[in-house]
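Every number in this text was worked out from the coordinates using simple rules, so none of it is lab data. Remember, it's a predicted structure, so these values are computed and weren't measured experimentally. Using ideal geometry, Cβ is built from the backbone for each residue, glycine included, and neighbour counts are taken over all protein chains shown.
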Amino acid sequence: MKPDRQVGIVGYGAYVPRYRLPAVEVSRVWTGGQGGVPIEEKSVPGLDEDTATIAIEAARNALRRGLVDAQDLRAVWVGSESHPYAVKPTGTIVAEAIGATPAVSAGDWQFACKAGTEALQAAIGLVGSGMADYAMAIGADTAQGRPGDALEYTTAAGGAAYIVGPRERSLAYLEGSYSFVTDTPDFFRRPYRHYPEHGGRFTGEPAYFKHITHSVQALLEELRLEPADFAAAVFHQPNVKFPQRVAQMLGFNKEQIKTGLLAGQVGNTYAAAAMLGLTAVLDVARPGDRILLASFGSGAGSDAFSLVVTEAITERQALAPFTRAYVARRKQIDYGVYVRYRHKLEMH
Amino acid sequence: MNVARYWRTEKTRYGLVGETCRVCGKPIFPPRDLCPHCTEAGQDLRTFGGRGEVYSFAHVTDAPAGYTEYQPYTVALIKLEEGPLLTAQLTDVDQSDVRIGMPVEMVTRKLKEEGENGMVVYGYKFRPVMHE
């Protein structure tokens, strides 16, 4: 897919909470330390953090790099599966906090881990149609895993924000995008339920791998590109193995995915995961680099984007904290503190 | 905090929106009807940059109602770069690392929740500066 008007990423920003729970802590409590763990450690939001606060900091960082006045944004869209309110938009809180109100569209998107890139597709459409000059798409989550479940090792918190604008103002312009979606119930959470259900191994082949391979292959065919044409590729990262394997299946090598693969250090930040990986790639990107972004959301679908970095990036990268600085800013906690921070204690 | 008060003060809480006195030109935070410096009425809104330093602080281990969920935490007087002195919680910092003169920056965080059915109250806190 390509919009009529050429667009690109004008600004981007990341956020990762400070706290880290090593995966071996989950293993220690629930399996007696037996068996392997899918990541090294995951980020844990502090007691005063939620999807709105995470989105606000990522959004402020995107505005700093974009050199865009918040009053010029015509959309602030937040993709998440952990919005603070069941009814009341996160988007209005973020828009108000960054100074984008009132001449702006604001709302929330829901598509499991690809809610953020769904908002990004829409922002591309809004700017690409000429309806707006600037639109912000955010992926942010404070994901929850049931105690003792396989998901508890990886469910993490983080956010990434992107300002889509005209190509001539962009740090990376869009070559094209593609969305591939089917009704595949690999993972879901019913209303009023705190923890999601998932299909175990079913989340792999018919869900994650099928949807990402289809979206990326279709995009590459549309753009007549090969994996070797890309300096970097970022895939949704529920763990470390899945993105490594899907990269191999599609013909990308380890070097291409290394910079954007953060899951081992921060876990699965859900709607932020792939978008956060892209911020780490953009932090060190050079003009001319071509970058692939491919999300995955359970339910299920994948959005794929091809971006080419412009000359403007070099003077903007340092205008906000680097993603690696957020990753390095860590305070390790144990399972007991994690239980408190994630509100898993029932007071009777 | 009732809904009307929350709404009336949210710009101030979310993003450090204060005022500049039209008469004496001094910065004012939080907004007031009369300038605390020259007592004249009439101010223009301004957004403060969010940088400052810890002027003084106290650790809270026995928090008032509504804040017990977050204890222990640190409350500080923050001297903004533009001049005003304000009270705020510190966040993302160990108590043993807090010191007078520590450079801090504003972040928007959850201040409290008004029970399971009530609003989430967001507002400014300060943390050690992580980006120059």
Going by how many other beta carbons lie within 10 Å of each one, how would you line up A:Thr259, A:Thr154, fewest first? A:Thr259, A:Thr154
Place a +1 charge on the Cβ of each Lys and Arg in chain B and a -1 charge on the Cβ of each Asp and Glu, then give the dipole magnitude about the Cα centre in debye, rounded to the nearest 20. 340 debye
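Give B:Lys11/B:Lys79; B:Lys26/B:Lys112; A:Lys210/A:Lys254; A:Lys331/B:Lys125; A:Lys114/A:Lys241 a once-over and call out the pairs whose C-alpha atoms are over 22 Å from each other. Display every interim value, and only then the final one.
Details: B:Lys11/B:Lys79 20 Å; B:Lys26/B:Lys112 31 Å; A:Lys210/A:Lys254 20 Å; A:Lys331/B:Lys125 19 Å; A:Lys114/A:Lys241 19 Å.
Distance filter (> 22 Å) returns B:Lys26/B:Lys112.
Where does the charge balance sit around A:Leu223 when Lys and Arg score +1, Asp and Glu -1, over other residues with C-beta under 12 Å from its C-beta?
Details: positive: A:Lys2, A:Arg224, A:Arg290; negative: A:Glu175, A:Glu221, A:Glu222, A:Glu226, A:Asp229.
Here the charged neighbours net out to -2.
Would you tally the net charge around A:Phe296, using a Cβ to Cβ cut-off of less than 9 Å, leaving A:Phe296 out, and scoring K and R as +1, D and E as -1? Write down the numbers at each step before the final one.
Working: positive: A:Lys114; negative: A:Asp303.
Charge balance in the 9 Å sphere: 0.
Using the count of nearby Cβ atoms within 10 Å as a rough guide to exposure, how do A:Asp334, A:Asp50 rank from fewest to most?
By the 10 Å Cβ count, ascending, the order reads A:Asp334, A:Asp50.
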Which angle between 0 and 90 degrees, to the nearest 10, do you get for helix A:51-66 versus the longest principal axis of chain A when only C-alpha atoms count? 30 degrees
When the distances between all Cα atoms of the stretch A:185-254 are binned every 5 Å from zero, what whole-number percent does each bin get? 3, 14, 23, 22, 15, 10, 7, 4, 2, 0
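About its Cα centre, what dipole magnitude does the protein assembly as shown give when the only charges are +1 on Lys and Arg Cβ and -1 on Asp and Glu Cβ, stated in debye to the nearest 20? Display every interim value, and only then the final one.
Working: 51 positive and 54 negative charges, 78 e Å.
It works out to roughly 380 debye.
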Please give me the summed charge of the neighbours of A:Ser43: other residues whose Cβ is under 9 Å from its Cβ, Lys and Arg +1, Asp and Glu -1. +3
Using only the alpha carbons, work out the radius of gyration and Dmax of the stretch A:211-288 in angstrom. 12.1, 34
For the protein assembly as shown, what does the alpha-carbon gyration tensor say about shape, rounded, prolate or oblate, given a ≥ b ≥ c as the root eigenvalues, a/c under 1.5 as rounded, and a/b over b/c as prolate? oblate
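Which order results if A:Ser302, A:Ser105 are arranged by neighbouring Cβ count within 10 Å, fewest first?
Values: A:Ser302 31, A:Ser105 17.
Fewest to most other Cβ atoms nearby, the residues stand as A:Ser105, A:Ser302.
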Using alpha carbons only, how many degrees (0 to 90, rounded to 10) separate the axis of helix B:3-15 from the longest principal axis of chain B? 80 degrees
I want to verify a result. In a Gaussian network model of chain B, Cα cutoff 10 Å, which of these has the top mean-square fluctuation: B:Thr20, B:Thr12, B:Thr39? B:Thr39
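Compute the projected area of the convex hull of the Cα atoms of the stretch A:173-314, averaged over all viewing directions, and report it in nm² to one decimal place.
Values: hull surface 34.6 nm².
Its Cα hull, projected and averaged over all orientations, spans 8.7 nm².
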Going by a ≥ b ≥ c, the root eigenvalues of the Cα gyration tensor, does chain B fall in the rounded group (a/c under 1.5), the prolate group (a/b larger than b/c) or the oblate group? oblate
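Before rounding to the nearest 500, sum -39500 (n - 2.57) across all DSSP H runs of length at least 4 in chain A and divide by the residue total; then give [θ] at 222 nm in deg cm²/dmol. Before the final figure, lay out the partial values.
Numbers: 11 runs with 105 residues, N = 348.
Helix contribution divided over all residues of chain A: -8500 deg cm²/dmol.
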No partner Cβ under 4.7 angstrom, meaning no disulfide-compatible partner by this rule: which Cys of the protein assembly as shown qualify? A:Cys113
Kindly write out, for the stretch A:87-104 in residue order, the coupling ³J(HN,Hα) from the Karplus curve 6.51 cos²θ - 1.76 cosθ + 1.60 (θ = phi - 60°), rounded to whole Hz, with x marking Gly and Pro. 10, 1, x, 5, x, 6, 5, 5, 4, 5, 5, 8, x, 8, 6, x, 8, 7
Radius of gyration, Dmax [the stretch A:262-348; alpha carbons; angstrom]: 17.2, 59
